[in-house]
Structure formats: C-alpha cells, structure tokens
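Here is the structure we will look at, set down as structure tokens.
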Amino acid sequence: NAGVTQTPKFRILKIGQSMTLQCAQDMNHNYMYWYRQDPGMGLKLIYYSVGAGITDKGEVPNGYNVSRSTTEDFPLRLELAAPSQTSVYFCASSSPPRDYEQYFGPGTRLTVT
Amino acid sequence: AQSVTQLGSHVSVSEGALVLLRCNYSSSVPPYLFWYVQYPNQGLQLLLKYTTGATLVKGINGFEAEFKKSETSFHLTKPSAHMSDAAEYFCAVSGANTGNQFYFGTGTSLTVIP
C-alpha cells in the first residue's frame, strides 16, 4: 500500500493564479481531510469528506474548494491564490468507526508571492 | 465540541532526562486518544493510540501514554530523551461522541539539550 499520497511536494504560485493539490489514498477509507499548517502552528481543518460525493467545510474553508468523485481521490482547489494561503497542506484519511486513526500524506509546501 | 489542551507549547529536556508532554481533553464520554509526532519538514506520524482496554499504551520509539479517565488526561512520557526525539508532538481525540471528527491540540515543540 502506498497509503496517502500528495502531489506536488512543492509549488510556488503568483498571486491570483489557481492550482489543484492532489490527494489519493489506497486504503479504501471513507473519510478524507485537508489541513493547512502555518509555520510554528498547529493544524487547521479546511474541508473534509465522509464519502464519495459528500464534502463539508472545516474551520478555514474560504478560498478553497474540494470535490470527491471517487473514494480514492480528494483534490483541493485554490482559486485566486493569495499570500495568506502560503502554508503546508496535509491530506489525511481514516475509516471510522472501524479505525479512527488518521493517516497523513507527506504534505505540499505552497508559497504564494 | 471537543477541545484538546496541550500544556506548554515548548518543552526542553536534557538528553537522558524524562520526557513528559501533557494532554487534557474535554469530554464526559471517553474518546479515542492519539499522539502524533512531526519531525521537521515532514508529515505527521502516529506515535500511539488508545481505543479501549489497557489504559497504559506503548508506542514507537520508547514512548508511552496513560489514559486517566478521572483526570481526562492522556500524557505522553518517555523515560530517557534522545536527541532524535526533538520534534513537534500533537495530541488528538476522536470517536463516535465527536461525530467521528478529529480534534487536535495546538502542539508541543520538544527540544532536547545535549
């Protein structure tokens, strides 16, 4: 199993550009999550999904969009990138109630200048 | 909503000394409890977890944590710190009583002094 994979690892965007951060998991988990982590800070939940076709906002959803067309994939879309979106983005998955543990991807480091 | 409190955003210990990282949660119903570690420029890795059963849980790299229901705590300990333990540590709770949501503490940065 590859677990949770994220691409790209690094990206630099100019203000106003758009991009999609990719996340995939091969563990057949129903729940998937997107977090952002600012320097020296904890994790903030952006969006999550409890299954294909179902998504919901987390703590900091503004400026982002998600979709979940398959169990495996959960892409995060940034529209009109802003410097405030400079952060490290982590994708995670879990499978409650069978397994509440969250499995994390390696992260995408995004800089918006 | 659940809350997770990690006392001390920065903890420094000498190499070989006891490591104690504190975590308290707010819930009348015991949730599932987790400790994650994040090494510099890496993702989060599970150290250990408590779901049911024995309240003293052993994890990787010599860490352990004890679930104390009466104190609503899940403190992380390691008898002897190594330089390689320097990292950020996150406590988290989840479970059916959290609506299957995951709640993280704000993290504790551990520095190990040689």
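Among all residues of the stretch B:69-82, there is at least one that is of a type in the set (Ser, Thr, Tyr), farther than 22 Å from B:Pro31 by Cβ and either exposed (fewer than 14 other Cβ atoms within 10 Å of the Cβ) or modelled with pLDDT under 90 (or both).
Yes/no matrix, rows are residues, columns are (1) of a type in the set (S, T, N, Q); (2) closer than 26 Å to A:Pro39 by Cα:
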{"position": "B:Arg22", "(1), (2)": "no, yes"}
{"position": "B:Pro30", "(1), (2)": "no, no"}
{"position": "B:Tyr36", "(1), (2)": "no, yes"}
{"position": "B:Gln42", "(1), (2)": "yes, yes"}
{"position": "B:Thr55", "(1), (2)": "yes, no"}
{"position": "B:Asn61", "(1), (2)": "yes, yes"}
{"position": "B:Val93", "(1), (2)": "no, yes"}
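Answer yes if at least one residue in the stretch B:83-93 is surrounded by fewer than 19 Cβ atoms within 10 Å (Cβ to Cβ), under 19 Å from B:Leu44 (Cα atoms), away from every other protein chain (no Cβ under 14 Å) and touching a helix residue (DSSP H, G or I) at 6+ places or on another chain (Cβ under 9 Å), and no otherwise. Looking for residues that are surrounded by fewer than 19 Cβ atoms within 10 Å (Cβ to Cβ), under 19 Å from B:Leu44 (Cα atoms), away from every other protein chain (no Cβ under 14 Å) and touching a helix residue (DSSP H, G or I) at 6+ places or on another chain (Cβ under 9 Å), one finds at least one in the stretch B:83-93, hence yes. The combined condition, being in a strand (DSSP E or B), closer than 22 Å to A:Asp38 by Cβ and more than 14 Å from every other protein chain (Cβ to nearest Cβ), is not fulfilled by B:Val112. Tell me whether the stretch A:76-88 contains one or more residues that are under 30 Å from B:Tyr50 (Cβ atoms), within 12 Å of chain B (Cβ to nearest Cβ) and either among the β-branched types (Val, Ile, Thr) or assigned to a strand (DSSP E or B) (or both). Within the stretch A:76-88, one or more residues are under 30 Å from B:Tyr50 (Cβ atoms), within 12 Å of chain B (Cβ to nearest Cβ) and either among the β-branched types (Val, Ile, Thr) or assigned to a strand (DSSP E or B) (or both). Scanning the stretch A:52-84 for residues that are farther than 16 Å from B:Phe102 by Cα and in contact with a Lys or Arg (Cβ under 8 Å, 6 or more places away or on another chain) yields A:Ala52, A:Gly53, A:Ile54, A:Tyr64, A:Asn65, A:Val66, A:Ser67, A:Phe74, A:Ala81. For beta carbons closer than 9 Å, sequence separation of 6+ or different chains, a first residue in the stretch B:34-51 that is touching a residue at least 12 places away in the same chain (Cβ under 8 Å) and a second that is outside any strand (DSSP E or B) and among the acidic types (Asp, Glu), the qualifying pairs are B:Val37/B:Asp85.
Specify which of the listed residues (A:Asn62, A:Asn1) is more than 12 Å from chain B (Cβ to nearest Cβ), in a loop (DSSP other than H, G, I, E, B) and closer than 19 Å to A:Tyr100 by Cα. The conditions single out A:Asn1. Scanning the stretch A:95-113 for residues that are within 7 Å of chain B (Cβ to nearest Cβ) and touching a residue at least 40 places away in the same chain (Cβ under 8 Å) returns A:Pro96, A:Gln102, A:Phe104, A:Gly105, A:Pro106, A:Gly107.
Within the bounds of the stretch B:50-63, is there any residue that is farther than 25 Å from A:Leu45 by Cβ, in a loop (DSSP other than H, G, I, E, B) and in contact with a helix residue (DSSP H, G or I) (Cβ under 7 Å, 6 or more places away or on another chain)? Checked against the condition, which is being farther than 25 Å from A:Leu45 by Cβ, in a loop (DSSP other than H, G, I, E, B) and in contact with a helix residue (DSSP H, G or I) (Cβ under 7 Å, 6 or more places away or on another chain), the stretch B:50-63 yields no hits at all.
Let's see how each residue does on (1) modelled with pLDDT under 95; (2) polar (S, T, N, Q); (3) in contact with a helix residue (DSSP H, G or I) (Cβ under 6 Å, 6 or more places away or on another chain):
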{"position": "A:Met19", "(1), (2), (3)": "no, no, no"}
{"position": "A:Glu59", "(1), (2), (3)": "yes, no, no"}
{"position": "A:Arg77", "(1), (2), (3)": "no, no, no"}
{"position": "A:Phe90", "(1), (2), (3)": "no, no, no"}
{"position": "A:Ser94", "(1), (2), (3)": "yes, yes, no"}
{"position": "A:Thr111", "(1), (2), (3)": "no, yes, no"}
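Within the stretch B:17-28, one or more residues are touching a Pro at 6+ places or on another chain (Cβ under 8 Å), exposed (fewer than 13 other Cβ atoms within 10 Å of the Cβ) and assigned to a loop (DSSP other than H, G, I, E, B).
The values are calculated or read from the model by the stated rules, or taken from the named source; none is laboratory data. Since we're looking at a predicted model, the values are computed, not measured. Note that each Cβ is placed from the backbone with ideal geometry, even for glycine, and that neighbours are counted across all protein chains shown.
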